[in-house]
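These notes are about the structure you will find just below.
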Amino acid sequence: MPEERIFAGLVRERAGAENKRMPNGKRAVGRANEAPKECLFECKVYYEDTDCMGVVYHANYLKYLERARSEYVQERLESVENYHDRGIFFMVHKIEIAFHSPARLGDLLVVRTWIEHTTKFRVVVKQIVIKKGEPRDYLVTATVTLVNVTPEGELREIPAEFHEL
């Protein structure tokens, strides 16, 4: 499947990168000529996540993806709550999602998340949902474009630390 090759080609560990300190003291790794660093989020499929056939209802994947993005920010930078306290709010501008295979009741899932690129006003995040232990079998692939807004909903620039991820 061509899309799998595209996603697989984007996910590589950074090798030999120079570490940099972010304003909050955490380390971020430079991006020059390197593939982005991914974060992994694990979750289990519960009865409430499924439809009458015992497979995950399509809209619930959006919840898994959102949780994984929140954990990515927490792990790599700081908590989403800290950004909110500073008046920085991220909104989904666009989602492109493909459903390749269903997850079922009781499955353990892993959501792989990384930032593909940033612009002055956007963060483009790539995400893949797989069953734990089956890294080559994609259940869902998604590209999520986020924007930063003020508490009043006005568009504002992405914080500088996101450009370093």
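Please give me, ordered by residue number, the trypsin sites (Lys or Arg not before Pro) of the range 112-144 that lie in loop per DSSP and have at most 13 other Cβ atoms within 10 Å. Mind showing how you got there, number by number?
Details: sites: Arg112, Lys120, Arg122, Lys126, Lys131, Lys132, Arg136; in loops: Lys120, Lys132.
Sparse-neighbourhood loop trypsin sites (Lys or Arg not before Pro): Lys120, Lys132.
Averaged over all directions, how much area does the convex hull of the C-alpha atoms of the range 48-165 cover when projected, in nm²? Don't jump to the answer; show the numbers that get you there.
Details: hull surface 32.0 nm².
Across all orientations, the range 48-165 yields a mean hull projection of 8.0 nm².
At Ile88 and Thr145, where each label point lies 7 Å from the Cα along Cα→Cβ, what is the point-to-point distance in nanometres?
Once both label points are built, they end up 2.1 nm from each other.
Net charge around Tyr57, counting only other residues with Cβ within less than 13 Å of its Cβ (Lys, Arg = +1; Asp, Glu = -1)? Before the final figure, lay out each step's value.
On the way: positive: Lys63, Arg104; negative: Glu48, Asp49, Asp51.
That works out to -1.
Could you give the length gained by full extension between Ala98 and Glu75, i.e. 0.36 nm per residue of separation minus their alpha carbon distance, to one decimal place? Provide the component values of the computation, followed by the final result.
On the way: separation 23, 0.36 × 23 = 8.28 nm, distance 2.60 nm.
Using 0.36 nm per residue and subtracting the Cα-Cα distance, I get 5.7 nm.
FYI, it's all coordinate maths here, none of it is from the lab. Please read these numbers as outputs of a predicted model, since none were measured by experiment. Don't worry about glycine lacking a Cβ; one is built from the backbone with ideal geometry, like all the others, and counts go over all protein chains shown.
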